[in-house]
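First up is the structure itself, then whatever we jot down about it.
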Amino acid sequence: MNTTRSDGGPPPPTTWENPEMRRALRDHDLAWVFHKLKGCGYTQRNIGELTRQSQSEISDIMGGREVLAYSVLQRIADGLRIPRGYMGLGNYDHDEHTPVEDALTVGATTLDEAEEIREALKRAAEVMMGTSLPEAARWWQPLAEPRTPVPDRIGDEDVNNVEYLTRVLRAVDYQNGGGACREAVIAQTAHARAMMHSDCTDEVRRRIQIAVADLHNLAGWTSFDVGLYGNARLHFSLALEQAKATDSLSLAANILYRQGRVHLHRGFLDHALRFLQLGQLAAQDADDPLTVAMLHANLGWTHAMMGNGSKALSALGRAEDEFVRGEDNLPAWVAFFGAADLSALTGMVYSLLPDDKDDKDYKNVDKAITYLTASIKARGEGTARSTIFELTALGAAKLNAGDRTGGVADGNRAVVLAEQVRSVRTIDRLDPLLLAAREHPDDDGAIELARRIATLQGG
């Protein structure tokens, strides 16, 4: 492009007709555009003066920062005399299209869009008239989508919408598993992060930062649920940084709890214990009894897995004491933890403890069955994944206690639900049930249950 202007004025219109430039403008790849202009003699200061931006803003954009605000994109287009339509902003101002083209593509903002419309009409006619074969290969190609521009200024209602969508996505995760919603969570996280660059009041800025932290928290949880453990750790780290920056200790404690659960699931018990202990300290500083109860219940489970029976029972006792102090109208990230969850974790702990030889009438396995049965009974709609975990543990406990009929029945219920939920965790957690079923090689029901689990696990 030989477009250098000694006066620093905008490049002539022919600059924008370059195919590479058109692609960059269409994709809002302003770093590429600005670097091309710099190569033609434009300084960051020249570009900033034309687009009414500071030199530091131009530097940030050239360094890769995305521009998502509609008003800023318009200012750049107008300042550099780029046809707005080339950037998908409307008001196409190129005079080479014909009246016929206008008639065929009313509302089209660019020549590219006009061609897209003609192609779409042609394709629609061919499909509806049955004169075209399906282009199956197109369905397997990646679909590139531009980011939705965020408002130049945001308010409470914008944050309310983010929080509402987070609650909806969290509910989908609980019922259908992370595989049913993770992509939507990731997309929503990216959009909410872009809002952090919008103008707003200090209070709205704090709210959007907390909302972004909770979205990263959910992104980490759904990533964990589908087996993307490294990605889960990344999202949890980002969530924790934002939560701490806004002094949201309750959320920080919740994030640390979830990090503990990742490592508990992976068998890294010492690391799980440290995350949960850090979370416990944050929850206490936040004066959040329900989160304290949740963390102590999970500490009890961790200690039980480590063979520390006395510490496990002590942690459960603290969890019960704190649970009764829990308050109403809590944030969504902790409000899910109810009586059913505490009962389930108590059952999990007892299922791992050795039987008390001095108490032959009431064994730990019997206590596990009692608590797990109560937790399943207390479950409402929308908690399929938790129900799978508890049915799995209950089936294994019954089989270990000699109740083959009950254990096989509960185990089969767990497998049926696990087949319907998109969660790697539920399948991984079937291992104890599989081992318990294989302890009964003379029972046809247990043999069939073991076969179903092995098939589901890909064995």
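The table below gives the values:
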| read-out | value |
| --- | --- |
| Förster radius 56 Å - calculated FRET efficiency between Glu448 and Asp27 (Cβ-Cβ, nearest 0.05) | 0.55 |
| Solvent accessible area, Å² - Val365, 1.4 Å probe, full protein context | 30 Å² |
| Distant-in-sequence amide H partners of Phe336 (H built 1.01 Å from N, under 5 Å) | none |
| Karplus-derived HN-Hα couplings along segment 431-442 (A = 6.51, B = -1.76, C = 1.60, θ = phi - 60°), whole Hz, x at Gly and Pro | 3, x, 5, 4, 5, 5, 5, 6, 6, 10, x, 9 |
| Accessible area in square angstrom per residue, segment 314-459, 1.4 angstrom probe | 50 Å² |
| Phi to ³J(HN,Hα) by Karplus 6.51 cos²θ - 1.76 cosθ + 1.60 over segment 158-174, Hz, x for Gly, Pro | 4, 5, 4, 5, 4, 5, 5, 5, 5, 5, 4, 5, 5, 5, 4, 4, 4 |
| Euclidean distance of C-alpha centroids, segment 159-189 and segment 302-340, integer Å | 25 Å |
| Accessible carbon and sulfur surface of segment 348-459 relative to its total accessible area, %, 1.4 Å | 49 percent |
| Estimated inter-spin distance, Arg52 and Arg147, nm [label 7 Å along Cα→Cβ] | 2.2 nm |
| Sulfur and carbon atoms: percent of accessible area, segment 195-276 [1.4 Å] | 52 percent |
| Karplus-derived HN-Hα couplings along segment 34-51 (A = 6.51, B = -1.76, C = 1.60, θ = phi - 60°), whole Hz, x at Gly and Pro | 5, 5, 5, 5, 4, x, 9, x, 7, 8, 4, 5, 4, 5, x, 5, 5, 9 |
| Summed side-chain charge close to Leu165 - residues other than Leu165 whose Cβ falls under 12 Å, Lys, Arg +1, Asp, Glu -1 | -1 |
| Over segment 171-316: Rg over Rh, Cα atoms, Kirkwood Rh | 1.01 |
| P(r) tail fraction, segment 197-250 - alpha-carbon pairs more than 16 Å apart, % | 43 percent |
| Spatial separation of Cα centroids for segment 387-459 and segment 219-280, in angstrom | 28 Å |
| Segment 319-459 shape via C-alpha gyration tensor axes, a/c threshold 1.5 | oblate |
| Cα coordinate range in segment 245-386, projected on the principal axes (Å, largest first) | 52, 34, 26 |
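The values are calculated or read from the model by the stated rules, or taken from the named source; none is laboratory data. Keep in mind that what you see is a predicted model, and the values were worked out from it rather than measured. Quick reminder, even Gly has a Cβ in these numbers, built from the backbone with ideal geometry, and neighbours come from all protein chains shown. Ligands, DNA and RNA are stripped out before the accessible areas are found, and what is left, the full protein with its side chains, is counted by its heavy atoms. Shrake-Rupley method; radii C 1.70, N 1.55, O 1.52, S 1.80 Å.
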